[in-house]
Ligand SMILES: Cc1ncc(COP(=O)(O)O)c(C=O)c1O
């Protein structure tokens, strides 16, 4: 039987975290999907904010689970069942290490960030939000960190307030300060914007919110794959993220929350696994985190998430961030040079921006842009990127979006720039 090995990324130098930027060109060999042509061209994948590609170590770990020790967890008194349990719980420890969570029991496996946020909205929210209570969100939230709170306040007759953004896509903290006079019970916001790339000052916002008596939930879906995340240093109460955006399988994700919050929260989904004792008319709950993991979990996906976390750690999250910062700098120069009338949105300060480039070409719908780019094997996203209110605020119907990951290179950006020249040639003749 193969033990799931600690992954080694081929772009790293030995076991130590590399200094400086990644060798993304070398790393690409770890991602088999990139080695193909689409419509007769090299696949240029620039949609990692939607979902990232997966390295061999993750694919192999999931495959090894199904080939060698597929069994349910926490039940089988037999060898492969015990191994499945050990690897599943080992993945929890790997994920906890990745975000520097003090206790792996504070990691609840979910299907994705959406489910993690819904867990908090249903469990903590329904127990703690009452009539007239305020929840503060921001104008840049993904629908996943908006709609669950809309449902909650509609049910409880609570109130949603929003921190506005400036024209360059930064949160207006002077308005936030005023909103805190409402004494909100919760402040929930994204760490990194999936549309603008804005990196929000989590610690500062969390300190302000706590001083006003609020709890803090952070949507880390676009942060964990791209910037170092240290839960202790961030000082938040809930942190939600998806695995599939951080090189892990679809259907993996996690909620981190402080132990005492998880212990006080009622169950979200009910059934097997989440109970200690069941009687006909009442039941007792399992300990955390299993209290929140009803039914058979996605074992192979969770194991893949643990391996992805170790893979990113081996690359070094500082190096990942440095690499993506360089890509953004290159793109912000190369794209306007190729197509001078391009409009690029979001903060222009590279320290405040992750690897996301939303853009428009005047009078060409982003769907047309994406469709023509696809003819050249270039994958970008077009639409509202699940941030309709943000697009409304920016007075945009839609945008095209290029987004990066560890395997993205300047050559990908050059291909995008050349593709956009073609888009303009086709539309403008
Ligand atoms: C900032 C942000 N939050 C939440 C989500 C939701 O992620 P998922 O669909 O994996 O639940 C996304 C997905 O794009 C996102 O970008």
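The values are calculated or read from the model by the stated rules, or taken from the named source; none is laboratory data. Not measured: the values here are computed from a predicted model. Cβ: placed from backbone, ideal geometry, glycine included. Neighbour counts: every protein chain shown.
Quick notes
- Put simply, of 131, 67 the only residue that is away from the ligand (no atom under 16 Å from the Cβ), in a helix (DSSP H, G or I) and either outside the structural domain of residue 274 (by TED's automatic domain parsing) or surrounded by fewer than 24 Cβ atoms within 10 Å (Cβ to Cβ) (or both) is 67.
- The residues of region 18-42 that are under 22 Å from residue 60 (Cα atoms) and either modelled with pLDDT under 95 or surrounded by 12 or more Cβ atoms within 10 Å (Cβ to Cβ) (or both), listed by number, are 24, 25, 26, 27, 28, 29, 30, 31, 32, 33, 34.
- Residue 248 falls short on exactly one of the conditions (1) closer than 16 Å to residue 354 by Cα; (2) within 13 Å of the ligand (Cβ to nearest atom), and that condition is (1).
- From the options 28, 94, residue that is in contact (Cβ under 8 Å) with a residue 60 or more places away in the chain, more than 16 Å from the ligand (Cβ to nearest atom), in a helix (DSSP H, G or I) and outside the structural domain of residue 233 (by TED's automatic domain parsing): 28
- Tabulated pairs, region 227-245, first more than 19 Å from residue 47 (Cβ to Cβ) and not assigned by TED's automatic domain parsing to the domain that holds residue 217, second within 13 Å of the ligand (Cβ to nearest atom) and modelled with pLDDT of 95 or more, C-beta under 7 angstrom, 6+ apart or interchain: none
- Answer from 310, 318 - the residue that is within 24 Å of the chain's Cα centre (by Cα), loosely packed, with under 15 Cβ neighbours inside 10 Å and modelled with pLDDT of 95 or more: 318
- Filter result (assigned to a loop (DSSP other than H, G, I, E, B) and loosely packed, with under 15 Cβ neighbours inside 10 Å) within region 328-347: 340, 341
- Qualifying residue in region 217-229 (condition: out of contact with any helix residue (DSSP H, G or I) (no Cβ under 8 Å at 6 or more places or on another chain) and either at pLDDT 95 or above or away from the ligand (no atom under 16 Å from the Cβ) (or both)): yes
- Residue check, residue 111 within 16 Å of the ligand (Cβ to nearest atom) and more than 22 Å from residue 391 (Cβ to Cβ): yes
- Each residue in region 107-117 was checked for being surrounded by 24 or more Cβ atoms within 10 Å (Cβ to Cβ) and part of a helix (DSSP H, G or I), and 3 of them qualify.
- Checking each residue of region 284-306 against the condition of being surrounded by fewer than 17 Cβ atoms within 10 Å (Cβ to Cβ) and free of Cβ contacts under 8 Å to residues at least 12 places away in the same chain gives at least one match.
- Filter pass, residue 82 being away from the ligand (no atom under 16 Å from the Cβ), out of contact with any strand residue (DSSP E or B) (no Cβ under 6 Å at 6 or more places or on another chain) and not in a loop (DSSP other than H, G, I, E, B): yes
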